[in-house]
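The structure appears right after this line, and notes come after that.
Bear in mind that the values in this text are calculations on the coordinates, not laboratory data. No experiment lies behind these values; they were computed from the predicted model shown. Cβ sites come from the backbone with ideal geometry, for glycine too, and all protein chains shown count toward neighbours.
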Amino acid sequence: MSTQEQVQKLAMKAQRPLLEVQNLVKVYKTGKRALQEVNFIIDRPQVVAIIGSSGAGKSTFIRCINRLVEPTSGRILLNGEDIVSLDRKGLRAARRRVGMIFQEYNLVERLTVMQNVLSGRLGYVGLLNSIRYKFPPEDIRAAFELLDRVGLEGYENRRADALSGGQRQRVGIARALMQRPELLLLDEPTASLDPKTSRQIMRLVGELVNERKTPAIINIHDVALAKAHADRIIGFNDGRIVFDDVPANLTDEALARIYGDEDWNPPADDGEATRS
Ligand SMILES: Nc1ncnc2c1ncn2[C@@H]1O[C@H](COP(=O)(O)OP(=O)(O)OP(=O)(O)O)[C@@H](O)[C@H]1O
């Protein structure tokens, strides 16, 4: 390849969106069309909140992105690589590029905070070392740094089952970041938390997205929280994107398009309208 071709290739790579979803369709075995031709692009690190009524397809969408749910058709390009067409081995590698954060934290309760965080590297250290929880010094250093960053300095030897919900979610975030992911997926990360802790967690996620230049897609029910902490909101209705814009443009008319004309009754603004 000539130097000019190499430069062109690099330039094309640099221009690729971080994530591109093309014509994504999911039809469950029951015949339910949960996603109908979904298209969207993330071209810069940003917090994208996914909102919509129960059953609108939010979880299906987020789970299709790392193929916890198998898409029926369409393409999902993560930095240019189509996740949908990968075989089992390719998929395992691709999943390491996507950090997942769950509503119920999915920690191993009897293990320490440090062991839980290090488990974000399990896919990298080989079976035997992973069984023994043996990790290279740079991983241990990175885990300590992340624990500091998420506000859990000094908690490394606590057992996960001795933590509060907010602390558990901080461990979940640190574990996901240990993968050095190219994308973060958060499935209702604040649904089990009180309002104050929810705001703290959303603020932390926003800061980490900016610091690490890693975009995050967050499935969230709380419209006020989404408006206060997301850079962009995507509204789903019946498996389709019916809103995709900045929070400031989420008008009553847009909310009616997303939730229908019934009483969608968003929670009152709690005065934390800006991300600090
Ligand atoms: N495994 C499944 N088999 C069949 N239908 C499913 C399955 N999972 C979800 N669905 C259906 O697909 C549609 C979208 O569901 P999904 O869970 O993605 O919605 P959601 O917006 O995340 O809802 P919620 O906010 O309640 O979590 C719903 O009609 C749901 O009943």
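Overview of results
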| read-out | value |
| --- | --- |
| With at most 16 other Cβ atoms within 10 Å, longest stretch of the chain clear of loop chymotrypsin sites (Phe, Trp or Tyr not before Pro) (DSSP) | 134-263 |
| Which listed pairs, of LYS29/LYS196; LYS26/LYS89; LYS58/LYS89; LYS29/LYS213; LYS29/LYS89; LYS89/LYS213, have C-alpha distances above 30 Å, in listed order | LYS29/LYS196; LYS29/LYS213 |
| Sorted by Cβ neighbour density within 10 Å, fewest at the top, the residues LYS58, LYS32, LYS89, LYS227 | LYS89, LYS32, LYS227, LYS58 |
| Alpha carbon convex hull of the chain, volume per residue in cubic angstrom | 162 |
| Euclidean distance between Cα centres, the range 176-230 to the range 75-95, Å | 23 |
| Built amide H within the under 5 Å cut-off of ILE101, gap 5+ | LEU185, LEU186, ASP187 |
